[in-house]
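Below is one structure, written out as structure tokens, with a few remarks after it.
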Amino acid sequence: MTLIQTLFIVAFIISLFIVIKRAKKYKQRTGTYGPFKMYLSSICLYMVAVVNFIVLSFELLGIGSWMLTITLLVLGAYFTKYLSDEDKKRYVS
């Protein structure tokens, strides 16, 4: 594996821990993890990273990978409307 692939994997694992930590903090605050739709935005964006990592690692560039990436990005953007209010306030000034 190259250095960039190794750095990607490390950054990916660290960001997963951060998302899990935020979910646990949300559960402590509200008593529940919240609806599944709230996490679909993060799942779709993580899938974009995984798909592109696999595509670039195995040199499988093509229209299929582009379409899958665009579809996951659109779904990730769509499901941002299900984020909790505190998550939305963090990004809006």
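I'd like to verify something in the chain: which complete DSSP H helices, judged by Cα projection on the helix axis, reach 30 Å or more and average at least 0.5 on the Kyte-Doolittle scale?
Details: long enough: 3-30 (41 Å, 0.85); 37-58 (32 Å, 1.75).
Those that clear 30 Å and a mean of 0.5 are 3-30, 37-58.
Points 7 angstrom from Cα along the Cβ direction at LEU60 and TYR82: gap in nanometres?
Distance between label points: 2.6 nm.
Jot down the per residue volume, in cubic angstrom and as a whole number, of the convex hull over the alpha-carbon atoms of the chain. Don't jump to the answer; show the numbers that get you there.
Details: hull volume 10.3 nm³, N = 93.
Convex hull volume per residue, Cα atoms: 111 Å³.
So what is the relative contact order of the chain, in percent, for Cα pairs below 8 Å that sit 6 or more residues apart?
Details: 44 pairs, mean separation 28.1, N = 93.
With pairs under 8 Å counted, the relative contact order is 30 percent.
Work from the charge dipole of the chain (Cβ charges, +1 for Lys and Arg, -1 for Asp and Glu, about the Cα centre) and give the residue of ILE14, SER84, CYS44 farthest towards its positive end.
The listed residue farthest towards the positive side: SER84.
Just so you know, all these numbers are worked out from the coordinates, no wet-lab data involved. Source: prediction; values computed, not measured. Neighbour counts run over all protein chains shown; Cβ positions are idealised from the backbone, glycine included.
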